[in-house]
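The values are calculated or read from the model by the stated rules, or taken from the named source; none is laboratory data. Not measured: the values here are computed from a predicted model. Backbone-built Cβ (ideal geometry, glycine too); neighbour counts: all protein chains shown. Ligands, DNA and RNA are stripped out before the accessible areas are found, and what is left, the full protein with its side chains, is counted by its heavy atoms. Shrake-Rupley method; radii C 1.70, N 1.55, O 1.52, S 1.80 Å.
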Amino acid sequence: MKQKTLITTLGLMLALSGLSLAKDGVFIGVNAGLAYTNISYKKSSNGNFYPEDAPGYSVGLDVGYTQSFNKYMGLRYYLSYNFSQTFGEKSVFLNSSGQETIYNNGTSSFNNMLLANVDYFVNLNKMFEVYAGFGVGYAYSNTNLLKAKIDPANGGVVMSINQGSEKTVINGEPDTFFNAGGGFVLPINVGLSINITNHQVLRMGVKIPLLSTDLKAVRTRIPLLSPQLSALAGIPKGEDMGSIKNVIAQLGYSYTF
């Protein structure tokens, strides 16, 4: 058993000794991972009614150039694009005059971010590299709020059929409040790189936003009402709804030419 362990250790050391630092040059990379959206509502009551936290997924693309100053450190300049989609759910129980009302509410957020990045990296050895940097660019988000009033008798959705009447529909649709916004973003980049060969690198990193993106109401959809009545019963277009921050944790692969 000890011999097998020693042989395995020696084999690993020989493999690592054969590695070389990732080369300088133009690179292209792809990544995928997890996203987390935090929503800060303008009206504090919305924070009690709708989710403030929404997890999801992210995919992205990087194109750039690596420049080493020496064998220990250097800079990486690159453009990055990330798309993420996140979902949140929240059950709300309201009690008025002894009568309980149940809501199953949610959020659905679609986020796009385009950045110009600069990362400073330090080679720990031939295999591992740590980096930190920042990006500047533009982010745009479509973040929708979903409201579903639930009939406790049968679990159906209580839906508006006009401005003063409701009916329960099994498998009914929620009311949807569409919001959107875009603006300047400034995320911090931190992570770890693993050199597979001098051309290929695995990279694990996090993008942490310093600035939030403001959201404004776009339109309201109440399924059984006309668009005109939905607009009258919904949130006025252009109303300030709050802001979001979107954190991305990603695992990527890049190839240097």
Qualifying positions in the range 152-172 - within 20 Å of Gly106 (Cβ to Cβ), open to solvent by less than 90 Å² (accessible area, probe 1.4 Å) and without any contact (Cβ under 8 Å) to a residue 60 or more places away in the chain: Gly155, Gly156, Val157, Val158, Thr168, Val169, Gly172
Check on Leu215, under 26 Å from Gly182 (Cα atoms) and either out of contact with any Ser or Thr (no Cβ under 9 Å at 6 or more places or on another chain) or open to solvent by 50 Å² or more (accessible area, probe 1.4 Å) (or both): no
From the option list Phe121, Phe93, single residue qualifying as open to solvent by 50 Å² or more (accessible area, probe 1.4 Å) and either among the aromatic types (Phe, Trp, Tyr) or closer than 21 Å to Ser40 by Cα (or both) is Phe93
Kindly state which strands (runs of 3 or more DSSP E) lie completely within the range 143-189 and contain at least 2 residues that are aliphatic (A, V, I, L, M). 157-160, 175-185
Any hit, the range 165-176, residues being within 28 Å of Leu114 (Cβ to Cβ) and charged (D, E, K, R): no
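Matching residues to (1) over 22 Å from Val136 (Cβ atoms); (2) at pLDDT 90 or above; (3) of a type in the set (Val, Ile, Thr); (4) within 16 Å of the chain's Cα centre (by Cα):
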{"site": "Thr176", "(1), (2), (3), (4)": "yes, yes, yes, no"}
{"site": "Leu186", "(1), (2), (3), (4)": "no, yes, no, yes"}
{"site": "Gly205", "(1), (2), (3), (4)": "no, yes, no, yes"}
{"site": "Arg219", "(1), (2), (3), (4)": "yes, yes, no, no"}
{"site": "Leu251", "(1), (2), (3), (4)": "yes, yes, no, yes"}
So the check is Cβ under 8 Å with 6+ separation or different chains; which pairs have a first residue in the range 80-107 that's under 17 Å from Val247 (Cβ atoms) and a second one that's at pLDDT 90 or above and charged (D, E, K, R)? Ser80/Asp62; Asn82/Lys207; Gly88/Glu52; Gly88/Asp53
